[in-house]
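Everything below concerns the one structure shown next.
Nothing in this text is a laboratory measurement; each read-out follows from the coordinates by a stated rule. Owing to the predicted nature of the structure, the values given are computational and were not obtained by experimental measurement. Cβ placement follows ideal geometry from the backbone for every residue including glycine, while neighbour counts extend to all protein chains displayed.
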Amino acid sequence: MSVFRTNSTALITGGASGIGLAVAQLCLKQGMRVAVADFNSTTLGLAKKTLDGGDNAKFYNVDVSKEEDWKGLREKVGDVDFLMLNAGVGTKGTWGDAEYMMKIFNTNLFGVTNGLNTYVPSFLARRSTTPSAIVITGSKQGITNPPGNAAYNASKAAVKSLAEHLSFDLKDTNTSVHLLVPGWTFTGLSGNTPGSNTTKPNGAWHASQVVDYMYQKMQDGKFYIICPDDDVSEATDKKRMLWTVGDVVEGRQPLSRWREEYKSEAEKWMKEKQV
């Protein structure tokens, strides 16, 4: 039996567009009841028109960074079988820009911790014999840590750590935990604003492709769901992650793959490394 089953309940944050909306569509096709939570009232309105779920689809305007919003959402939605913590922002900024830092962490990190603190106790208390699941959306930037957006990378690295601990803490229950790490995906974070006519770049995946990949990996019992795209293969992702952890193991300078003194070595290693 799967969590994707008739009459089970899903709650999806950031569910009004992109990957969240595609997951909502998947859940409705499986006969599930779906609660879509999103901060953007405009995209929520568009999602209501897109998702033909009838009474099985409910929509909530929520700021995931606020504990009181989670309390209200919990009272309205009740227990869920499938929790997807997907809400995220990709704002860029620099050192000294406190507003940038707080906006990123409030949504990407505290939006997740608030959701977990709200719902994990109920997953633990039920000890249900039927499958349930929690999916948290991470990022490759939280693993390979490329330069250019320190707060975003840090928020996603923290999310990865939380998801790993959660998976361990729930290992003796019927609740599976999964870290979804999309590749290059054509969503609002990459220019596909809901309602726009932007053309998908050739290398990017549609959100529906990411969700199909997620669905299969969940059926296979995988925690790490590291999605490729049409530009980056699974092998390349593995090499990039291995090189990154090698900075610690080999004592290199951090973010060495982007440093000039390691450029030739990194390129040779990426070309010759077998995974």
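So which residue, out of P201, P182, P228, gets the largest mean-square fluctuation from a GNM of the chain using Cα contacts under 10 Å as springs?
Highest fluctuation of the listed residues: P201.
In whole Hz, with x marking every Gly and Pro, tabulate ³J(HN,Hα) for the stretch 178-185 from phi via Karplus 6.51 cos²θ - 1.76 cosθ + 1.60, θ = phi - 60°.
For the stretch 178-185, the Karplus curve yields 9, 9, 8, 10, x, x, 5, 10 Hz.
Amide H neighbours of A57 under 5 Å, counting only residues 5+ apart in sequence or on other chains, H built in-plane at 1.01 Å?
Excluding prolines and chain starts, which carry no amide H, the hits are V34.
Quick one: Kirkwood hydrodynamic radius for the chain, alpha-carbon pairs, angstrom, one decimal?
19.5
Mind listing the phi-derived Karplus ³J(HN,Hα) values for the stretch 58-65, rounded to whole Hz, using 6.51, -1.76 and 1.60 with θ = phi - 60°, and x for any glycine or proline?
Once θ is set to phi - 60°, the couplings for the stretch 58-65 become 10, 10, 9, 8, 9, 9, 5, 7 Hz.
Using θ = phi - 60° and the Karplus relation 6.51 cos²θ - 1.76 cosθ + 1.60, list the HN-Hα couplings for the stretch 92-105 in order, rounded to whole Hz, with x at every Gly or Pro.
10, x, 8, 4, x, 9, 5, 5, 4, 4, 5, 4, 4, 5
Taking the Cα centre of the stretch 59-191 as origin, sum charge times position over the Cβ atoms of Lys and Arg (+1) and Asp and Glu (-1), and report the length of that vector in debye to the nearest 20.
That gives a dipole near 240 debye.
What is the fewest-to-most order of H206, H178, H165 by other Cβ atoms lying within 10 Å of their Cβ?
H165, H206, H178
Taking each pair of different alpha-carbon atoms in the stretch 222-275 once, compute 1/r for the pair, average those values, and report the inverse of that mean as the Kirkwood hydrodynamic radius in Å to one decimal.
12.1
How much of the pair distance distribution for the stretch 129-245 lies past 22 Å, counting alpha-carbon pairs only, in percent?
39
Sorted by average packing, counted as other Cβ atoms within 10 angstrom per residue and highest first, what order do 37-44, 2-9 take? All intermediate terms of the calculation are to be shown ahead of the outcome.
Details: 37-44: 19.5, 2-9: 16.8.
Highest-to-lowest ranking by the protection proxy: 37-44, 2-9.
Given the pairs K222/K273; K29/K76; K140/K160; K66/K103, which are separated by over 18 angstrom at their Cα positions? Please list the in-between numbers first.
On the way: K222/K273 24 Å; K29/K76 23 Å; K140/K160 10 Å; K66/K103 12 Å.
Violating the 18 Å limit, Cα to Cα: K222/K273; K29/K76.
For L83, L242, which order do you get if you count the other beta carbons within 10 Å of each Cβ and list the fewest first?
In order of increasing Cβ crowding within 10 Å: L242, L83.
Amide H of T175: which non-local residues (sequence gap of 5 or more, or other chain) have their own amide H closer than 5 Å, using H built in the peptide plane?
S132
Return the single residue from G31, G53, G96 with maximal mean-square fluctuation; model: Gaussian network over the chain, springs between Cα atoms under 10 Å.
G96
How large is the dipole of the chain about the Cα centre if only Lys and Arg carry +1 and Asp and Glu carry -1, each at its Cβ, rounded to the nearest 20 debye? Could you put the intermediate results ahead of the total?
Details: 31 positive and 29 negative charges, 55 e Å.
So the magnitude is around 260 debye.
May I have the pair-distance distribution P(r) for the stretch 1-124, computed from all Cα-Cα distances with 5 Å bins from 0 and rounded to whole percent?
2, 12, 22, 22, 20, 12, 6, 3, 1, 0, 0
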